[in-house]
Amino acid sequence: MLKCVELTKDYDQQPLLRGVNFEVRADEIVCLLGPSGSGKSTILRIIAGLETPKSGQVFWEGEDLSLVPVHKRQFGLMFQDYALFPHRSVAENVAFGLRMQKLSRDEINQRVNESLQMVNMMTFADRTIMDLSGGEQQRVALARSLAPRPRLLMLDEPLGALDHRLRVRLQGELRQILCRAHIPAIYVTHDHEEAFSVADRLIVLKDGQIEQEGPPTDVFSAPDSAWVAAFFGMGNLFPGRILQTNPLMVAMDSIGEWSVTFNEAKFTVGQRIVVLARPQNAVLGAGENELTVTVKESRFKGNYFENVGVTSSGINVEFNSDTRQRAETQLLLHFPSQTVKVLKN
């Protein structure tokens with residue numbers, strides 16, 4: 001098991017990591033998720049031994065790695081650019097690190113074949129990297145990372161160089177490969193859809209700190225803060241304040257008073273908060289937590305319509321519907337109290 005304890009790091013006298021703590025358990029895929037500059041890649045480099053933290057420690061199975069050099073940590077690291085040798089064959093690329101370890105020829109051949117089979121690239125062994133597509137190169141880079149049988153595999157934006165369609169196709173495939181390898185992995189990305197597809201557990205980073213942690217389904221269904229909800233692209237984040245706590249009532253700026261059936265977080269009267277009202281929970285017609293909007297846009301999304309309306313006070317409200325809504329039509333809609341969530345500001 002990997003354990004990071006109170007990792008801090010500065011860059012140009014500015015804090016880059018601010019006391020980061022987390023663990024990676026056996027066979028677990030943990031995703032470090034966050035925008036650029038949140039500290040994701042820096043954490044990987046510290047774990048790999050490529051950078052030294054200002055303070056804090058990295059442990060593997062209870063052993064402090066502070067004085068353990070990179071090549072003795074037995075961790076694999078796969079970068080976004082893959083760093084493959086373009087004019088060498090696929091097999092030669094996979095074998096490169098094994099030769100550096102001075103393994104026997106038979107051992108090298110066995111591990112190369114084992115790794116290429118794991119990523120479904122055995123028939124490509126004699127091709128050069130120049131003959132491969134972007135997705136095939138990605139699999140070769142993964143095979144090369146797996147061949148030394150690392151104790152931990154770290155992947156830094158491994159799909160970032162690929163186009164969107166190929167990235168989506170490879171997400172599930174990459175998870176299957178990592179699960180078959182039975183190696184704990186840390187996966188870095190800024191794309192939450194990619195993280196949802198690959199990870200067993202998310203660690204959401206903001207400004208060098210952990211903002212939220214948990215299984216993808218839990219983090220998405222119950223964001224801890226308005227920042228996390230906005231990062232995931234959730235619509236309808238309305239600022240306001242707490243009117244009363246039992247039952248929970250909120251007053252939203254320029255919208256009005258709403259009721260909330262259930263909320264795990266504890267709030268105090270007068271506290272500034274943000275209300276999350278997901279577009280898919282909007283119901284056309286009268287009901288609790290009503291809004292009157294004038295339709296501005298209605299876009300077909302395959303199995304529903306995504307709409308944007310505006311209130312009389314100029315607040316944009318997103319809502320989904322089964323049919324297209326005509327522009328400039330005035331509609332009454334509501335958000336049932338059991339679907340509304342109050343978030344930290």
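The values are calculated or read from the model by the stated rules, or taken from the named source; none is laboratory data. Keep in mind it's a predicted model, so treat the numbers as computed, not measured. Cβ: placed from backbone, ideal geometry, glycine included. Neighbour counts: every protein chain shown.
Results, tabulated for the structure shown:
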{"read-out": "Only one of Met234, Met249 that is without any contact (Cβ under 8 Å) to a residue 60 or more places away in the chain and surrounded by 19 or more Cβ atoms within 10 Å (Cβ to Cβ)", "value": "Met234"}
{"read-out": "Leading residue by the ranking (surrounded by the fewest Cβ atoms within 10 Å (Cβ to Cβ)) among those in the stretch 252-267 that are under 26 Å from Gln212 (Cα atoms) and among the small types (Gly, Ala, Ser)", "value": "Ala265"}
{"read-out": "Answer residue from the stretch 323-340, given it is in a loop (DSSP other than H, G, I, E, B) and of a type in the set (A, V, I, L, M, F, W, C) and is nearest to the chain's Cα centre (by Cα) among those", "value": "Val340"}
{"read-out": "The lone exception for Met78 - which of (1) in contact with a helix residue (DSSP H, G or I) (Cβ under 8 Å, 6 or more places away or on another chain); (2) modelled with pLDDT of 95 or more; (3) within 15 Å of Met154 (Cα to Cα) it fails", "value": "(2)"}
{"read-out": "Scan of the stretch 97-112 for residues that are surrounded by fewer than 16 Cβ atoms within 10 Å (Cβ to Cβ) and of a type outside the set (Ser, Thr, Tyr), ordered by number", "value": "Arg99, Met100, Gln101, Lys102, Arg105, Asp106, Glu107, Asn109, Gln110"}
{"read-out": "Boolean, Arg151 is touching a residue at least 40 places away in the same chain (Cβ under 8 Å) and of a type in the set (D, E, K, R)", "value": "yes"}
{"read-out": "Residue within the stretch 333-340 that is touching a residue at least 12 places away in the same chain (Cβ under 8 Å), hydrophobic (A, V, I, L, M, F, W, C) and in contact with a Pro (Cβ under 7 Å, 6 or more places away or on another chain) present", "value": "no"}
{"read-out": "Gln325 in the same structural domain as Gln338 (by TED's automatic domain parsing) and surrounded by 15 or more Cβ atoms within 10 Å (Cβ to Cβ)", "value": "yes"}
{"read-out": "Subset of the stretch 246-272 (residues that are of a type outside the set (D, E, K, R), in a strand (DSSP E or B) and under 33 Å from the mean Cα position of the chain (by Cα))", "value": "Leu248, Met249, Val250, Ala251, Met252, Trp258, Ser259, Val260"}
{"read-out": "Ala141 vs. criteria small (Gly, Ala, Ser) and either in a helix (DSSP H, G or I) or not assigned by TED's automatic domain parsing to the domain that holds Leu44 (or both)", "value": "yes"}
{"read-out": "Residues of the stretch 9-28 that turn out to be surrounded by fewer than 21 Cβ atoms within 10 Å (Cβ to Cβ), in contact with a Pro (Cβ under 9 Å, 6 or more places away or on another chain) and either of a type outside the set (A, V, I, L, M, F, W, C) or at pLDDT 95 or above (or both), as a count", "value": "3"}
{"read-out": "Elements of type helices (runs of 4 or more DSSP H) contained in the stretch 33-125, each with 3 or more residues being assigned by TED's automatic domain parsing to the domain that holds Arg180 and in contact (Cβ under 8 Å) with a residue 60 or more places away in the chain", "value": "40-48"}
{"read-out": "Output for the stretch 292-322, where each listed residue is part of a strand (DSSP E or B), more than 19 Å from Glu257 (Cα to Cα) and among the polar types (S, T, N, Q)", "value": "Thr294, Ser298, Asn307, Asn320, Ser321"}
